[in-house]
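The values are calculated or read from the model by the stated rules, or taken from the named source; none is laboratory data. All of these numbers come straight from a predicted model, not from anything done at the bench. Positions of Cβ are backbone-derived with ideal geometry, glycine not excepted, and every protein chain shown enters the neighbour counts.
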Ligand SMILES: *Cc1c(COP(=O)(O)O)cnc(C)c1O
């Protein structure tokens, strides 16, 4: 509790502090490469009979929206006088974002990563190490993301004086879900302004993929008060929704507490957390940010699952029509946009897809799925 209280107090102290905001915005602009474009996709639009815009978070430094939050929390840790950052990472994207901001701001960085993931993601481990981070394989439990989160919490409790735990998505205990949304809300602010400039009106629909929920919360926050804008979150359905192993927490989850928040959780009847599986490691988490569970409960956001094969088809479609190689996570959002556009009632609608990241990291996975040797 003291750790959460110290962090909560610091977040509320600095979140509207002029100097802090100014520094945050400078890093977003000069280190991360903001603002990102809102790109009208002419070929995809013509093919689908809708107006499709892509919010280009894939153009950011380190390849995804995660850098926005890593900068925000890294700066906050600096303002708090901390000297060390810890993080947990599944596929490695959040670990890389933490490692680079750690290098830039002069922190010691330690990244916890499931032993299985360390093996599967060697190149990402090397990237983190190049930026000076120590990568700690976690050999406990299923040796994946959920177990790394447990280890990071243990480290934090033991090293509270020096250390900030930089969580990468809108999960965990307060203030994390609120704070991560706050740092990611720049996506929604930009997108709202950009679509008004381009179209002179708000979009009909905004679609984003949902892992823990940060890129979706970021873009939804710009439109959640506009009741006429439909918001759709797309989760990982894995190979099939009928198996136990999928990441469709909002579709199949039940109320429960995981890693410090009450939300929807994939669990057995006895309350044991289920192992999830998706072709996109970033969507592979058995929980979901609590605000998404809330937005579902009040019917403000619709949540839908997309299967691995559908995401792969959408991945290829975007490569071929627009020359843009999306992350497999983002491909889930594209895949649902394709389905959505084909429903007769949605013909001609203006749709923003949040393209949360680029596909460079997924080349080996995609090649394997397509049966191609690289
Ligand atoms: C990590 C990641 C996600 C999923 O995380 P959220 O917190 O749900 O946004 C989505 N897309 C990309 C490219 C990612 O790296």
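Among the residues making up region 317-345, a single one is free of Cβ contacts under 8 Å to residues at least 24 places away in the same chain and within 12 Å of the ligand (Cβ to nearest atom): 334.
Being in contact with a strand residue (DSSP E or B) (Cβ under 9 Å, 6 or more places away or on another chain), at positive phi and in contact (Cβ under 8 Å) with a residue 60 or more places away in the chain: is that true of residue 348 here? Give the derivation first.
Working: in contact with a strand residue (DSSP E or B) (Cβ under 9 Å, 6 or more places away or on another chain): yes; at positive phi: yes; in contact (Cβ under 8 Å) with a residue 60 or more places away in the chain: yes.
Against the criterion (in contact with a strand residue (DSSP E or B) (Cβ under 9 Å, 6 or more places away or on another chain), at positive phi and in contact (Cβ under 8 Å) with a residue 60 or more places away in the chain), residue 348 qualifies.
Being in the same structural domain as residue 11 (by TED's automatic domain parsing) and within 21 Å of the chain's Cα centre (by Cα) narrows it down to one of 138, 111, so name that one. Please lay out each step first, then the result.
Values: 138 fails: within 21 Å of the chain's Cα centre (by Cα).
Every option except 111 fails the conditions.
For region 155-183, the set of residues classified as more than 14 Å from the ligand (Cβ to nearest atom) and assigned to a loop (DSSP other than H, G, I, E, B) consists of 159, 160, 161, 162, 173, 174, 175, listed by residue number. Residues that are farther than 18 Å from residue 365 by Cα and under 17 Å from the mean Cα position of the chain (by Cα) within region 302-332 comprise 303, 304, 305, listed in sequence order.
Among the residues of region 354-374, those that are in contact with a helix residue (DSSP H, G or I) (Cβ under 6 Å, 6 or more places away or on another chain) and outside any helix (DSSP H, G or I) comprise 354, 355, 356, 357, 358, 374.
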